[in-house]
Amino acid sequence: MSRRAGIVGVAESDLGKTPHLTVLSQQATASVAALAEAGLGFADVDGLFTAGGWSWSPAIALAEYLGIQPKHLDGTNIGGSSFEAHVGHAVAAIEAGLIDVALIAYGSTQRTDRSRNQPRPATLAEQYERPYGLPTPVGAYALAANRYMYEHGVTSEQMAEVAVSARDWAALNPKAYYRDPITVDDVLASEMICEPLHKLDCCLVTDGGGAVVLAAEDRWPDVAARPVVVLGHGETTTHNGIAQMPDLTVTGAARSGPAAMTMAGVSHTDFDVVEIYDSFTITVLLTLESLGFCKPGEAGDFVRAGRTGPGGEFPMNTNGGGLSYTHPGMYGIFLLIEATRQLRGDFAGARQVTDAELALVHGTGGVLSSTSTVVLGRG
Amino acid sequence: MEIAVDTESREFWDGVAAGELRIQRCEACGHAVFYPRALCPSCHCDRLVWIVASGRGEVYSYTVAHRAFGEFATEAPFTVALVDLDEGVRMLTRIVGGTVAIGDRVELEFATAAGNQLPCFRPVA
């Protein structure tokens, strides 16, 4: 049997608006903190994983900045789901004996930079979509939401429950960007951005960075933190541009989810806590269905009346999510950080999911374009 | 918006200038192909020929953008749709000359967005 891999350290950098940080210093500060939690140092890191659009090669740019020369580099960029994919790749490298310790890092200063949607020519396949002016990514998710509502009769009120529960969790998280409670009516009354998505159906635009450290199990005796074991992983892509998505109501989660769960030998009812990328409220409904937690068209009912909120029977997005906690462009690394903390039992009171032993972490990238799923268990 | 026309897209944009919606069809498997490319994404052969689409289709989904960015900001609100052409391909487009619902029939009409002439669609009366 191949050796196991576990998450042994996690950390965020400063979040929100961080004009005092660059994408590199964000990743450095988060990496220092995550390694310190593990009781490891940069000399222990032999695999480096990062994703971003801030360098022609983010992995080697970050390695240089950190002053390390790792023997394993992975700059896989599949959007916000990159970091769950990095976990899968790191686990494979650890199992194969290629590396012992992997550092996964991310940073973004998009809020400070106001960097989205800068003018640039429409190249390659973009030239058939971008000239129509659909605001991206929200417009693509709005197209999916309208089709989903048409097929299943799901309402904006049902979708809004996702944002309300996220905010209820955020109220318990001092690091969350927005913490004041909201109601379904507040979501529906917020500015219409792209029908049927209102402003409060949309994720935040923040700065922020994060880091996750994985180690092979023979290193766990040296590690300061309680390891969280990676039990399964899966990733896939269905399309790049939204016009090429085969079915706007089914995401790649229908493949990456079962792959991860089969590898872990677990089923839907086994999970104590679930962290699902919430770029938009619709993203969560589609993902719950594609993962198989409920049948097509039933996700609106599944999330009703605070079932996914604090104290609910299906704790989900327990940090407040991309909707209320933070969303620096590619959010996936923060899903891993939160799931790890829940499984270690880092929190007190209502912020902590009781007896959290098994977590599902699911990233979505691009315009529902890529998905990656990780199953984590208490070590 | 500047469009970086390339060797694969030139025939499409030449068609737009000539008032035609040009797509590809695979001679081996018969699949219609859009956007244009060098191999059939269905059977992966390279025997693709250009055809002129009928310009008729059906709305698969749509959204009204109330906010838009850059040079599109002043055009909002506008309707962007995914239209399934009768030939069997889906394209992103704009709806002009009326409102639509999912499942509505639409037909080709050229219109301008951010300075570019583009294939758009109008509701069929």
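Within segment A:96-127, the residues that satisfy the criterion of being in a helix (DSSP H, G or I) and in contact with a strand residue (DSSP E or B) (Cβ under 7 Å, 6 or more places away or on another chain) are A:Q110, A:R111, A:T112, A:Q127.
If the condition is being under 28 Å from A:H362 (Cβ atoms), free of Cβ contacts under 8 Å to residues at least 60 places away in the same chain and assigned to a loop (DSSP other than H, G, I, E, B), then segment A:47-65 contributes A:G53, A:W54, A:S55, A:S57.
The residue that is nearest to the other protein chains (Cβ to nearest Cβ), among those in segment A:225-248 that are open to solvent by 50 Å² or more (accessible area, probe 1.4 Å) and within 28 Å of A:G9 (Cα to Cα), is A:E235. Inspection of segment A:188-206 finds a residue satisfying the criterion of being within 14 Å of chain B (Cβ to nearest Cβ), of a type in the set (D, E, K, R), outside any helix (DSSP H, G or I) and surrounded by fewer than 18 Cβ atoms within 10 Å (Cβ to Cβ).
Look at (1) surrounded by fewer than 18 Cβ atoms within 10 Å (Cβ to Cβ); (2) in contact with a helix residue (DSSP H, G or I) (Cβ under 7 Å, 6 or more places away or on another chain); (3) under 23 Å from A:G234 (Cα atoms) and you find that A:G321 fails only one, number (1). Could you tell me whether A:Y141 is within 14 Å of chain B (Cβ to nearest Cβ) and free of Cβ contacts under 8 Å to residues at least 60 places away in the same chain? No; evaluated as a whole, the condition is false for this residue.
Here A:T251 passes the criteria (1) in a loop (DSSP other than H, G, I, E, B); (2) open to solvent by 30 Å² or more (accessible area, probe 1.4 Å) except the one numbered (2). Applying the set (1) closer than 16 Å to A:E129 by Cα; (2) assigned to a loop (DSSP other than H, G, I, E, B) to B:Y62 leaves exactly one unmet item: (2).
This table checks each residue for (1) in contact (Cβ under 8 Å) with a residue 12 or more places away in the chain; (2) within 14 Å of chain B (Cβ to nearest Cβ); (3) farther than 24 Å from A:G16 by Cβ; (4) of a type in the set (G, A, S).
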residue: A:G67; (1), (2), (3), (4): yes, no, yes, yes
residue: A:G79; (1), (2), (3), (4): yes, no, no, yes
residue: A:A105; (1), (2), (3), (4): yes, no, no, yes
residue: A:Q110; (1), (2), (3), (4): yes, yes, no, no
residue: A:E126; (1), (2), (3), (4): yes, yes, yes, no
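The values are calculated or read from the model by the stated rules, or taken from the named source; none is laboratory data. Computed from a prediction, not measured in an experiment: that's the story for all the values here. Methodologically, a virtual Cβ is constructed for each residue, glycine included, from the backbone with ideal geometry; neighbour enumeration extends over all protein chains shown. Heavy atoms of the whole protein, side chains included, go into the accessibility calculation; ligands, DNA and RNA do not. Shrake-Rupley method; radii C 1.70, N 1.55, O 1.52, S 1.80 Å.
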